[in-house]
Protein chains: 2
Amino acid sequence: MAQRGITRDAVLAKAIEMIERSGSPTISMRELAEELGIRTPSLYNHVKCVNELLVEASRYAAEELRQAQLAAIDGKTGDEALFGLAAAYRRFAQEHKGLYKLTLSLPTLPEASQPQLAAAIAEPILFVLSRYGLDEEQVMHWQRVLRAIIHDFLSQEEAGFFRHSPVSAEVSYQVAVRCFVSGLHAEQEENSHAGE
Amino acid sequence: MAQRGITRDAVLAKAIEMIERSGSPTISMRELAEELGIRTPSLYNHVKCVNELLVEASRYAAEELRQAQLAAIDGKTGDEALFGLAAAYRRFAQEHKGLYKLTLSLPTLPEASQPQLAAAIAEPILFVLSRYGLDEEQVMHWQRVLRAIIHDFLSQEEAGFFRHSPVSAEVSYQVAVRCFVSGLHAEQEENSHAGE
DNA sequence: TCCATAAAACTAATGCCATTAGTATTATGG
DNA sequence: CCATAATACTAATGGCATTAGTTTTATGGA
C-alpha cells in the first residue's frame, strides 16, 4: 500500500483541525495518524518531527489572529479602533481556543521563526497606537501594556481563574480595556503639557 | 536496603528545589529520584503520583507569593501599596521563575484545591483595593485588571516576547502599572461625581 | 534480647509516547 | 513497460510514569 493521497498540507490541516477541536495547543502524533487513517511512523514521510508541525500551526495561528485584528480595525481610528482590537482578540480567543493558546506559546518556538510571527501579531496594535502622538518608544511600551492586559486577561479566564466567582468576566474585561484607554489619554495629556 | 531517611517532606523539598533551579514548573520523577539517590519507583512509597507533587509544590508557591505580597504592602496604603505590590510580583517572578510559573498554572490543579490557592494569592490585592471607595464588584474587576497587567506582562517577558527589542521591559512594566493607577483614579472620580 | 511487623527500598514489567531503521508496495515518467 | 522515487508498512529503540511483587531493615512489644 502506498500513495493514499496524504500530503504534508493534509497532515498540517488535520493537525490544525485537531487543535481547534480539542482547544489544546498540543499535537499527538499517534492521534494525528489515527485520524488520517495511517500508522504513526508514516507521518515522518511528511514532517520531520512534532515540533515542526507546531511551528507550522503557530504560523497559521499568528496569521489568523493578525487577519482578525486587521478586520477589526478596518475603517476605524483612535479609541474606536482600540476597542475593536480588544473585542476581536477576545472573540478570537473564545472561538479558537487552541490556536490562541498557540500564539501565547509562540516564543518557545525556534529562534528563527519567532520574531516575524511576533511582529505580525503586534503590528495592528502598533499601527493604531502610532496615531496617538506618542514617540516611538512610548508606542512600544503601550503596545506591550495593551497586549499584556488583553492576553493575560483571556488566559486567566480560560485557565479558570474566574470560574468560581459570580462577577462577570466580560465586564471585568471591559473595565480593563477602558482602564488602558484612560491611562493612554493621561499619557497623551502629559506629552502635550510637556511641550508648553 | 531500606530506610534511607527519605520522607515525603524531603521528596517535596527536593522537588521544589529542582523547580527553583530549573525555572520550569515541571517535575520529572526520574530526575527527582536520581537527585535523592534512590530508584524511580521508590518515590511511590512517599507520593501517589507526579500530579500530587505538583499540587503540593503549587500550594507552597502560592503561599510564598502571598507572603511576598504581604511584606510588600506592610505599612503602606493606596497607590504606594499598589506600586509595592507590583514591584514585589516582579521581583518574585524574577527570583522564583519556577514557582511563579506554578502559580500561573494553578487552575490546572484539581478543582478542590484550586479556589483556596487562588484566593490566597488574590487577597492582598483585594485588601489594598478595598480602601479605594469602590463597591464590592468594582473591587473584583479592578483586582482582575491589576493581576492581568502584572501577570501577563511578566509571563510575556519571561517567555521572551520582548527579547528581540531594545526597548526596556522594566520601563514598559512601570508604564503598565502607572496606567492601572491612573485608570483606577479615573474610576474613583466617576464614582464620586455619580453621587452629586 | 529477640522477633514480628511495617516501612521503605529494590527489580522487573507494562504501557504510552515519539522517533528511527529497514522493507514492501505502488504511482508515474521516460 | 519498467526503473525510480514516493509513501506506506512492520519492527525496534529509548524515555517516561506507573504498578506488581520481592527483599531488606528499623523498631517496638513480648
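Summary table
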quantity: Hits in the range B:117-133 (condition: small (Gly, Ala, Ser), touching a residue at least 12 places away in the same chain (Cβ under 8 Å) and either assigned to a helix (DSSP H, G or I) or under 22 Å from residue B:175 (Cα atoms) (or both)); calculated: B:118, B:120, B:122
quantity: Residue identified as within 11 Å of residue B:12 (Cα to Cα) and within 23 Å of the chain's Cα centre (by Cα) among B:57, B:61; calculated: B:57
quantity: Single residue of the range B:142-191 satisfying the filter (more than 8 Å from chain A (Cβ to nearest Cβ) and not in a helix (DSSP H, G or I)) that is surrounded by the most Cβ atoms within 10 Å (Cβ to Cβ); calculated: B:168
quantity: Number of positions in the range B:47-101 that are within 16 Å of DNA strand D (Cβ to nearest atom) and touching a Gly at 6+ places or on another chain (Cβ under 8 Å); calculated: 1
quantity: Hits in the range B:147-194 (condition: under 18 Å from the mean Cα position of the chain (by Cα) and under 21 Å from residue A:167 (Cβ atoms)); calculated: B:147, B:148, B:149, B:150, B:151, B:152
quantity: Test: residue in the range B:134-148 that is touching a residue at least 60 places away in the same chain (Cβ under 8 Å) and out of contact with any strand residue (DSSP E or B) (no Cβ under 6 Å at 6 or more places or on another chain); calculated: yes
quantity: Condition met for residue B:128 (aliphatic (A, V, I, L, M), more than 9 Å from every other protein chain (Cβ to nearest Cβ) and in contact with a helix residue (DSSP H, G or I) (Cβ under 9 Å, 6 or more places away or on another chain)); calculated: yes
quantity: Helices (runs of 4 or more DSSP H) completely within the range A:1-107 that count 1 or more residues being of a type in the set (S, T, N, Q); calculated: A:8-22, A:50-73, A:78-95, A:97-104
quantity: Sole exception among (1) free of Cβ contacts under 8 Å to residues at least 60 places away in the same chain; (2) of a type outside the set (A, V, I, L, M, F, W, C); (3) more than 16 Å from DNA strand C (Cβ to nearest atom) for residue A:35, by number; calculated: (3)
quantity: Residue match in the range B:58-68 (condition: away from every other protein chain (no Cβ under 14 Å), within 14 Å of DNA strand C (Cβ to nearest atom), closer than 24 Å to residue B:119 by Cα and in contact with an Asp or Glu (Cβ under 8 Å, 6 or more places away or on another chain)); calculated: no
quantity: Residue check, residue A:105 at pLDDT below 90, within 20 Å of residue A:25 (Cα to Cα) and touching a Lys or Arg at 6+ places or on another chain (Cβ under 9 Å); calculated: no
quantity: Residue within the range A:93-105 that is at the interface with chain B (Cβ under 10 Å from one of its Cβ atoms) and surrounded by 21 or more Cβ atoms within 10 Å (Cβ to Cβ) present; calculated: yes
quantity: Number of the condition not met by residue A:144 [criteria: (1) over 12 Å from the mean Cα position of the chain (by Cα); (2) more than 28 Å from residue B:171 (Cβ to Cβ)]; calculated: (2)
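The values are calculated or read from the model by the stated rules, or taken from the named source; none is laboratory data. Since the model is a prediction, treat every value here as computed from it, not as a measurement. Virtual Cβ from ideal backbone geometry, glycine too; neighbours counted across all protein chains shown.
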